[in-house]
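Have a look at the structure below, then the notes.
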Amino acid sequence: MKIQIEDKEFDLMLEYDQIKKRTRLLGIQLNVDYEDKVPVFIGVLNGSFLFMADLIKEIDISCELAFVKVSSYHGNDTSSGIVRELIGLDIDLKNRDVIIVEDIVDTGLTLIHILDTLKKLEPASINVCSLLLKPGSLQEDIEEITYVGFEIPNEFVVGYGLDYKGLGRNLKDIYRASTSPSET
Ligand code: 5GP
């Protein structure tokens with residue numbers, strides 16, 4: 001099935017049914033791994049809101065929930081010219097078991113920044129649960145990525161929380177950008 005968002009065409013990649021089944025399995029694994037703990041799930045906005053909502057419904061151990069947002073703006077005071085700040089955290093993470101919930105890990109640079117920031121708050125442990133991972137795009141190994149829904153090729157995806165030009169987050173399924181004949 002094809003859909004059009006603005007100037008781009010997308011093909012169906014993962015149906016909500018598959019996402020739900022995989023999420024259920026991730027939940028089972030987390031319930032076992034954190035059986036005797038009270039972890040804090042931290043969702044990274046905006047993309048993770050649907051995944052977090054579905055994942056947390058599969059968690060039956062006691063847990064807390066928080067959301068953060070990575071704000072980035074272009075400045076001239078770092079070598080990359082991009083300054084990132086983690087905003088919105090309202091729970092003390094000292095000695096807590098933290099699970100970062102991500103929609104997608106692409107180059108991993110955003111996640112590395114989040115991990116560096118959260119580690120300074122001295123949690124007991126940090127693991128990452130990402131719905132999607134693009135292994136071909138990852139710039140360095142991130143050992144905290146313990147739970148992954150689906151490994152996908154290095155393609156742009158949209159839907160189930162992920163946007164293209166601000167649109168498409170409300171789509172139930174996940175779509176990949178169609179390759180135009182000139183790109184193949
Ligand atoms: P990073 O490259 O730092 O791992 O990814 C940074 C952010 O880029 C992700 O959190 C996500 O918001 C966005 N991103 C990366 N790949 C995709 C993609 O295929 N589709 C969409 N919609 N966003 C993506």
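Where a number appears in this text, it was derived from the coordinates with a stated rule and is not lab data. Computed from a predicted model, the values in this text were never measured in an experiment. Every residue, glycine as well, gets a Cβ built from its backbone with ideal geometry; the counts of neighbours run over all protein chains shown.
Running Debye on segment 12-73 with equal point scatterers at the Cα sites and no solvent, what base-10 log of I(q)/I(0) appears at q = 0.17, 0.21, 0.30 Å⁻¹?
-0.64, -0.88, -1.27
Using the scaling law 2.2 N^0.38 Å as the reference, what is the normalised Cα Rg of the chain?
Its radius of gyration relative to the 2.2 N^0.38 Å reference: 1.06.
What helices does the chain have that are whole DSSP H segments, at least 24 Å long along their own axis by Cα, and with mean Kyte-Doolittle hydropathy of -1.0 or more?
Once both thresholds are applied, what remains is 16-33.
Between segment 99-145 and segment 8-78, how many Å separate their Cα centres?
Using only Cα atoms to place each centre, the spacing works out to 12 Å.
Determine the alpha carbon to alpha carbon distance for each of Lys2/Lys57; Lys20/Lys94; Lys8/Lys165; Lys57/Lys120; Lys37/Lys57; Lys21/Lys69 and list only those over 22 Å.
Lys2/Lys57; Lys20/Lys94; Lys57/Lys120; Lys21/Lys69
Of all alpha-carbon pairs in segment 87-137, indicate the percentage at a distance above 16 angstrom.
Tail of the P(r) past 16 Å holds 41 percent of the pairs.
How much length is gained if the chain between Ala66 and Arg84 is pulled fully straight, taking 0.36 nm per residue apart and subtracting their Cα-Cα distance, in nm to one decimal?
4.6 nm is the gain from fully extending Ala66 to Arg84.
Quick one: compute the contact order of the chain, relative version, from alpha carbon pairs under 8 angstrom and 6+ residues apart, as a percent.
So the answer I get is 24 percent.
Got a sec? Charge dipole of the chain, +1 on Cβ for Lys and Arg, -1 for Asp and Glu; which of Gly43, Ala53, Leu138 is way out at the positive end?
Farthest along the dipole direction, towards plus: Ala53.
For the chain, what is the mean residue ellipticity at 222 nm derived from helices alone (per DSSP H run of n ≥ 4: -39500 (n - 2.57); sum divided by total residues; nearest 500 deg cm²/dmol)?
Result for the chain, helices only: -6500 deg cm²/dmol.
Can you order the peptides 124-133, 9-18 by their average number of other Cβ atoms within 10 Å per residue, highest first?
For the peptides 124-133, 9-18, the packing ranking is 124-133, 9-18.
Run through segment 79-184 and list the trypsin sites (Lys or Arg not before Pro) located in a DSSP loop whose Cβ has at most 13 other Cβ atoms within 10 Å.
Within segment 79-184, the qualifying trypsin sites (Lys or Arg not before Pro) (loop, at most 13 other Cβ atoms within 10 Å) are Lys94, Lys120, Lys165, Lys172.
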